[in-house]
Structure formats: structure tokens, C-alpha cells
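Where a number appears in this text, it was derived from the coordinates with a stated rule and is not lab data. Keep in mind that this is a model prediction, so the values were computed, not measured. Here Cβ is always computed from backbone atoms with ideal geometry, including for glycine, and neighbour counts include all displayed protein chains.
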Amino acid sequence: MGWTSLRMLRLLLAGWLLAGSWLPVLAADVLRLATTTSTDNSGLLRAILPQFERQHGMRVQVIAVGSGKALKLAQNGDVDAILVHDRRGEDAFVAAGHGVGRRDVMYNDFVLLGPRSDPAGVRRSGDVLAAFRRIADSQTRFVSRGDDSGTDRMEQSYWQQPALQVSGRPWYVSAGLGMGEVLMMAGEMQAYTLSDRATHATYGARTGLEIVFQGDRRMFNPYGVIAVNPRNHPQVNHAGALALIDWLTGPAGRAAISAFRPHGTQIFFVAADN
């Protein structure tokens, strides 16, 4: 091998080693956050995360999926932290050792939406289960998330508690889509659907759908944040995940969440101090 070739080889090797030495630093500067589509569709994360990124010198990569998918990504170590709204699933996730440091972040509620004409007479319902029974009894079109999200799991519980069989019925549409897409689809079909209040507030003017039922205590919608267990996945950015958890539940994050008021309406409310 000639001198020139040997020198080039040494330069390439030095460059490779130098690049390799920066990989842990670069990885630590990125935090992968899997979250429900409602926090993304509503615009909340776009409004508040830049403050965290500036304060901590860290870029947050948001992966907006249903809560079920977010929990699975975290279980596999494909993300560093999750922000979801499926309390039963969250508790099971932590109990199984997949996550650590869970804290309550905020809450809002679910609302049942439908066309102004309310063909199933949902507005006359005394509670949320009666509202869903009216839709089933009248066989009025209903669009479901159908994506194992927190909203989808809550909707399924409203059918299951009164033992209503809806899967496969011609009036029941399982979309397999995010919340914003389902709202647009339900609006076009003039169908009923279940939504978190935040996404409805963002999309309502475009769908023409109205709130036809709300206020049942079973429609409470809490959000929690969890770090992936570093014992299971040593490669995760655990320090970044803990920093995000502390920020979201600390004074700066709580103030940012409370200040998020699209169209002048507060749609997320911070949880009590953990």
C-alpha cells in the first residue's frame, strides 16, 4: 500500500472514530415521545414543547399514535417516554415493569358528537350508557377510532357495559384512524362519534358536528406521562425522559398547559400536584 493510500486510510479511520465518539451525545440530545393523537391534533405539543426544548437543549421527536400503540412502542424500547390517556393500560404497563416514574399530567373529558338533527335522540339521554344504547337501538351511523387508542378503549367500554354488540353491524364504521381524521370522516357522513374535547375544539368548525352528550363522570379523561424502564432498554434516553416528566409536572410545564387556549377556550387542565 502506498503512502497516499495509507494516509487516506488513517484519515478515514480517525473520522470514523470521531463520529462514533459523538453518537452518545447526539442520541442524548433527542427525546423520543410517543403520545396519543389528541395531544398532537389539538396543537398542544406544538405550543408547549419548544419551551422545554429551549430550556433543556433537547429536541423532542413526537410520535403521535393511539395510546395502545404508544404503550407497545414503549414496551419494545422504541421510544424514551409516553404521554397517553389509558389509565388502566398505564397501570398495567408500570406493574409489568415496562415503565417507571408515572405521573398525572392533565385531564379533560370525552364528548359524544353528532349531527345537529340528532337522529338517535341522544340529547335526551340520562347518562353516557343510555346515549350509546339510543345509537345502537336506532342503528344510526357511528364512526369509531378502531385503533386501540385510549379513546377507542373508552368507547368500547360504553358499548360493553350494557352488553351491546356493535362490531360488524352495517351502521358501525371502524375507521382505524387518528382522532382528527375520524372527526372529519364522521362530519362528512353526518355520523356520531366519541372525541376528546380538545380535538373537537380544534376540528369542530370544520366537521359541523355538535356535542350531543357530555358531563357523565365516566367520560373523565386523564393523561399520564411515563418513562421507559432503562433496565429493560439501556439505550433509551432515560435522563431526557425524567427531565420531560419533571418539566410537564413542574411549574413551567403546568403554566404552559394552562396557557394553551385555542380560540380562547381552555381544553386541558393540569392535574393536582403528584
**Q.** DSSP-defined antiparallel bridges as percent of all bridges, the chain, nearest 5
**A.** 60 percent
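Under the definition of Cα pairs under 8 Å and six or more residues apart, what whole-number percent is the relative contact order of the chain? Walk me through the numbers before you get to the answer.
Details: 481 pairs, mean separation 75.1, N = 274.
Result for the chain is 27 percent.
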(Q) Test of understanding: ordering D78, D109, D137 by Cβ neighbours within 10 Å, fewest first, what list do you get? (A) D137, D78, D109
Q: Take every Cα pair under 8 Å in segment 132-183 that's 6+ residues apart, average their separations, divide by the length, and report that relative contact order as a whole percent.
A: 49 percent
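Of the beta bridges DSSP finds with both residues in segment 109-219, what % are antiparallel, to the nearest 5? Walk me through the intermediate numbers first.
Working: 7 of 11 bridges.
Approximately 65 percent, going by the DSSP bridge assignments.
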(Q) Could you identify which residue out of G57, G68, G176 has the top mean-square fluctuation in a GNM of the chain using Cα springs shorter than 10 Å? (A) G57
Q. So what's the gap between the Cα centers of segment 148-208 and segment 100-140, to the nearest angstrom?
A. 9 Å
Q: Work out how far the C-alpha atoms of segment 202-274 reach from end to end along every principal axis, then list the three figures in whole Å, largest first.
A: 47, 26, 25
Q: For a footprinting-style exposure proxy, rank E188, E90, E53 by other Cβ within 10 Å, fewest first.
A: E188, E53, E90
Q: Measure nothing but the geometry: give the 0 to 90° angle between the long axis through the Cα atoms of 44-56 and the longest principal axis through the Cα atoms of the chain, rounded to 10°.
A: 30 degrees
Q: For segment 109-219, divide the Cα radius of gyration by the Kirkwood radius and give the resulting Rg/Rh value with two decimals.
A: 0.91
Q: Hey, for a label at M189 modelled as a point 7 Å past Cα toward Cβ, could you say which residues of segment 151-175 have their backbone N under 19 Å away?
A: 151-160, 164-175
Q) Pick from R116, R145, R133: which is most flexible by mean-square fluctuation in a GNM of the chain where alpha carbon atoms under 10 Å apart are linked? A) R116
Q: Please identify, among T193, T35, T140, the residue showing maximal mean-square fluctuation in a Gaussian network model of the chain using a 10 angstrom Cα cutoff.
A: T140
